[in-house]
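Undergrad: I have a structure here, written as structure tokens, and I will follow up with some questions on it.
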Amino acid sequence: MQSPCRTDKQQRDQRILDLLRSLVRINTEHTAPEPGAPYGKGCAVALDLALAECERRGFAVTRLDERIGWAEIGKKGPLAAFPVHLDVVPASGGKGWSHDPYAAEVVDGVLYGRGCMDNKVGAAVMIELIDALAQELDAGGRELPCRLRIIFGTDEETGMADLAAYVAAGCEQPTLGFVPDASFPAVRGEKARLHLVCACDLLDGCDDLRFIGGTAANVVPDSARAELACGRVLEASGRPAHGSTPEKGENAIAKLVTRLVAEGVGGVGLAALDRLLCRDLHGTAARIDVPDDTFGHTSLNLGVLNIEGGRARMELDVRFGLGIDAEEVVSRLGKALGDAWSVEVAMAKPAHLVPEDDPCLQALLAAYRRVADDAEPPSVMAGGTYASYLPALVAFGPKLPGTHTGAHGIDEHVSLANISRATDVYEEALRAIVALAE
């Protein structure tokens, strides 16, 4: 016979799974704006669902311009916040997937679906845990010593304009909390990031070339196609990965550009792109790789390239540390590309670094170690989370060490056992944060 504690945990995990599957079934890839849906209908539907679920559980709910919303429990003390995002990167229409990316299938104890790990699991877990903690304290006649706020964003994957609007509107900055959108044990630092859109009205030697590749700046492209004037078609396949770690993928655009140049196609214009953007992952040829002791080398992902009638447009994801600033990156890249190219900043995010001795970080690490028995130190990463706009916060889970989830790639997935384990860590961490506020 199972103990009540075990049964309670099973019920907790089932409620989380049910909510998570409901969120994953909503396609929250960005689409054309609609009234009340600045990032597309799917994002608006998911935000409505999350806030309605919180309101049903007794949270106080607030919205800002339909871009972002938050749900809060507690009436006094410092603000502890837990930002999550409901939007996702494109699933390429399910191409290459063995499971429908928006069916939220569970097979052999594994949940498949775009966003199941990045980042809808964080939303489902935090709703359940904060609700449960509030009920527990209320039943014991105790009042929360702080306010617990879940922030639901819908533009994290394409620029974080949602959280930037939160900050610009003067919304309260948290002094405690974490962003459940990375890995354990904790990520205390994040590289600066630039999403750059580069355009050229006449790319020398490419008048008769049509080139299509990539879906987003921050995704390593897994396919590219070139159509030549003679009617010949060339294609390349790659391996998708998060744009912050291009070394984990295989860039189909870079492969096809290099092949075309080797065959004498595209003239000096395409050869320049090959030399500057396709030969390494650090931007060495463009002189934007200025490594530092904390964050290491710059990373460069050529995520989108389109050429037609001599006109070219590309999107780059550049991540860098403390050795160079955003203005210098743009200046050096512009000089390397030449006067024919314009370089526009679609999104800029500063570097983020929380001191190792920060009390909240230390409390989170202690909570993780009590559950996981893992003494690894916190890390830094090239990836970006909402922590970049909230200086007091670090990224904390939900990815467990040694696991693979395919986030931003094909067959994104997470095992139910890993969700349960991460939830155990978050439950302990939430109690640690409340204890800090007392």
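Just so you know, all these numbers are worked out from the coordinates, no wet-lab data involved. Model, not experiment: these values are computed from the prediction. As a convention, Cβ positions derive from the backbone with ideal geometry for all residues, glycine included, and neighbour counts pool all protein chains shown.
Undergrad: How much mean residue ellipticity at 222 nm does the chain get from its helices, if each DSSP H run of length 4 or more adds -39500 (n - 2.57) and you divide by all residues, to the nearest 500 deg cm²/dmol?
TA: Counting only the DSSP helices, I get -9500 deg cm²/dmol.
Undergrad: For the stretch 192-349, build the charge dipole from Cβ charges (+1 Lys, Arg; -1 Asp, Glu) around the Cα centre, then report which of Ser299, Ala192, Cys230 sits farthest towards its positive end.
TA: Positive-most Cα among the choices belongs to Cys230.
Undergrad: Could you tell me which of Leu176, Ala132, Ala271 has its Cα farthest along the dipole of the chain towards the positive end, charges placed at Cβ (Lys, Arg +1; Asp, Glu -1), taken about the Cα centre?
TA: Comparing the listed Cα positions along the dipole, Ala132 ranks first.
Undergrad: Which trypsin sites (Lys or Arg not before Pro) does the stretch 121-185 hold that lie in a coil by DSSP with at most 13 other beta carbons within 10 Å?
TA: Sparse-neighbourhood loop trypsin sites (Lys or Arg not before Pro): Arg142.
Undergrad: Let me ask another. Let me know the charge dipole size of the chain about its Cα centre in debye, to the nearest 20, where only the beta-carbon of Lys, Arg (+1) and Asp, Glu (-1) is charged.
TA: Once rounded to the nearest 20, the dipole reads 340 debye.
Undergrad: Can you give me the distance in nm between label points at Glu327 and Ser379, each placed 7 Å from the Cα along the Cα-to-Cβ direction?
TA: Label at Glu327, label at Ser379, 3.4 nm between them.
Undergrad: Sequence gap at least 6, Cα distance under 8 Å: using those rules, report the relative contact order of the chain to the nearest whole percent.
TA: After rounding, I find 21 percent.
Undergrad: Over the chain, with a Gaussian network built from C-alpha contacts below 10 Å, which listed residue (Arg56, Arg319, Arg15) shows the highest mean-square fluctuation?
TA: With Cα springs under 10 Å in the chain, the top fluctuation among Arg56, Arg319, Arg15 is at Arg56.
Undergrad: Which residue fluctuates most in the GNM of the chain (Cα springs below 10 Å): Leu393, Leu209, Leu353?
TA: Leu209
Undergrad: Further question: Would you calculate the convex hull of the Cα atoms in the chain and tell me its volume per residue in Å³?
TA: 144
Undergrad: Could I ask something else about it? With a length cut of 27 Å (Cα positions projected on each helix's long axis) and a Kyte-Doolittle mean of at least 0.0, go through the chain and give me the DSSP H helices that pass. Could the numbers behind the result be given before it?
TA: Working: long enough: 4-24 (30 Å, -0.93); 120-139 (29 Å, 0.90); 416-437 (32 Å, 0.63).
In the chain, the long hydrophobic H runs are 120-139, 416-437.
Undergrad: Further, regarding this structure: Sorted by packing (mean other beta-carbon atoms within 10 Å per residue), highest first, where do 299-310, 125-136, 60-71 land?
TA: Ranked from most to least packed, the peptides come out as 299-310, 125-136, 60-71.
Undergrad: Setting aside same-chain residues fewer than 8 positions from Lys75, which lysines have a Cα under 30 Å from its Cα?
TA: Excluding near neighbours in sequence, the set is Lys9, Lys120.
Undergrad: So what are the three principal axis dimensions of the stretch 192-349 from its Cα atoms, in whole Å, longest to shortest?
TA: That works out to 50, 33, 24 Å along the principal axes.
Undergrad: I've got another one for you. Give the cross-link partners of Lys349 among the lysines, using a straight C-alpha distance below 20 Å as the criterion and excluding same-chain residues fewer than 8 apart.
TA: By straight Cα distance, Lys349 reaches Lys191.
Undergrad: Further question on the same structure: Which loop trypsin sites (Lys or Arg not before Pro) in the stretch 177-267, with loop taken from DSSP, have no more than 13 other Cβ atoms within 10 angstrom of their Cβ?
TA: Here the trypsin sites (Lys or Arg not before Pro) that fit, given the DSSP loop and packing criteria, are Arg232.
Undergrad: Specify the residue with the greatest mean-square fluctuation among Ile324, Ile419, Ile288, computed from a Gaussian network of the chain linking alpha-carbon atoms under 10 Å apart.
TA: Most flexible of the set in this elastic network: Ile324.
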